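Chemist: My structure is below; once you've seen it, I'll send some questions.
The values are calculated or read from the model by the stated rules, or taken from the named source; none is laboratory data. In this text, all values refer to a predicted model and were calculated from it rather than measured experimentally. Using ideal geometry, Cβ is built from the backbone for each residue, glycine included, and neighbour counts are taken over all protein chains shown. Accessible surface areas use protein heavy atoms only, side chains included; no ligands, DNA or RNA. Shrake-Rupley method; radii C 1.70, N 1.55, O 1.52, S 1.80 Å.
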Amino acid sequence: MSKIVEIRWHGRGGQGAKTACLLLADAAFSSGKYVQGFPEYGPERMGAPITAYNRISDERCDVHSFIYQPDYVVVVDESLLESVDVTRGLRPEGAIIINSARAPETLRPLLKGYAGRVCTIDARHISEAVLGKYFPNTPMLAAAVRVSGVIEPDCFMQNMEIAYRHKFASKPQVIDKNLACLKQSMEEVRE
């Protein structure tokens, strides 16, 4: 069986981590991959920590459980580094992608000894500059694709344009801005 790429998302209710997870699954599926995208539900409420998961493979995957040893972890809210063990089970050959204006090396002390790659992206700055409002999930989605390499960037952008044209059919004016946000985000991930 081909390698399955597993991604765990950490965010807060209302930040779009679940939506980004599901959009990644849709984009990977559209590129011919086998996918799973699912949130972990509990007593979530707006602002409470949430977790979502992706499995992406070139072959059918019959594993249907939470992800305990992800290849990549995406942290949509930097404040979770202080309250959630975001590196739990994270494979050292993978990476953690954190929404932060800070440089990756400054966050390493908060990662409980994780020795793998640390990547950051200032999702707030990009989102507010391009979209005019803070939507962290769009930049974090692009960063996850860039760092993981799970989908070729050009294929990802084509699939997202199709998804956005469907999702925003009644608001076509937001399509180009969202695509620009994804493109800029892929270029601004720091390692």
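Chemist: State, as an integer percentage, the relative contact order of the chain based on alpha-carbon contacts under 8 Å between residues 6 or more apart.
Modeler: Working: 389 pairs, mean separation 40.2, N = 191.
Result for the chain is 21 percent.
Chemist: Suppose the chain between Ala101 and Ala129 were pulled fully straight at 0.36 nm per residue; how much longer would it get relative to their current alpha carbon spacing?
Modeler: Details: separation 28, 0.36 × 28 = 10.08 nm, distance 1.39 nm.
Roughly 8.7 nm would be gained on extension.
Chemist: Counting alpha carbon pairs within less than 8 Å and at least 6 residues apart, what relative contact order, in whole percent, applies to the range 85-148? Could the numbers behind the result be given before it?
Modeler: Numbers: 84 pairs, mean separation 21.8, N = 64.
Taking the mean separation of contacting Cα pairs over the length of the range 85-148, I get 34 percent.
Chemist: I've got another one for you. Send over a whole-number figure in Å² for the accessible area per residue of the range 78-119, probe 1.4 Å.
Modeler: Values: 2030 Å² over 42 residues.
Per residue, the range 78-119 has 48 Å² of solvent-accessible surface.
Chemist: Continuing with the same structure: To check you understand DSSP bridge types, tell me what percent of the beta bridges within the chain (both residues inside) are antiparallel, rounded to 5.
Modeler: Values: 16 of 29 bridges.
Close to 55 percent.
Chemist: At 7 Å along Cα-to-Cβ for each site, give me the label-to-label distance between Glu82 and Lys3 in nm.
Modeler: According to this spin-label approximation, the distance is 3.6 nm.
Chemist: Counting only the heavy atoms of the protein chains, how much of Glu93 is accessible to a 1.4 Å probe, in Å² to the nearest 10?
Modeler: Per-residue accessible area (Glu93): approximately 130 Å².
Chemist: Give me the percent of Cα-Cα pairs in the chain that sit more than 27 Å apart, rounded to a whole number.
Modeler: Values: 3970 of 18145 pairs.
Pairs farther apart than 27 Å: 22 percent.
Chemist: Can you count the Lys pairs in the chain with C-alpha separation below 30 Å, eight or more apart or on different chains?
Modeler: Lysine pairs, 8 or more places apart or on different chains, close enough: 22.
Chemist: What longest region of the chain stays clear of trypsin sites (Lys or Arg not before Pro) that DSSP places outside H, G, I, E and B and that have at most 10 other Cβ atoms within 10 Å? Each step should come with its number before you reach the end.
Modeler: Working: sites that count: Lys3, Arg45, Arg60, Lys133.
Here the longest segment lacking exposed loop sites spans 61-132.
Chemist: Which Rg and Dmax, in Å, describe the Cα atoms of the range 46-127?
Modeler: When restricted to the Cα atoms of the range 46-127, Rg and Dmax are 13.6, 39 Å.
Chemist: Calculate what fraction, in whole %, of the accessible area of the range 1-152 sits on carbon and sulfur atoms when a 1.4 Å probe is rolled over the protein chains. Spell out each step's value before the answer.
Modeler: Details: 3550 of 6940 Å².
C and S atoms contribute 51 percent here.
Chemist: Would you work out which of Pro172, Thr138, Val35 lies farthest towards the positive end of the dipole of the chain, given +1 charges on the beta-carbon of Lys and Arg and -1 on that of Asp and Glu, about the Cα centre?
Modeler: Going by the charge dipole, the pick is Pro172.
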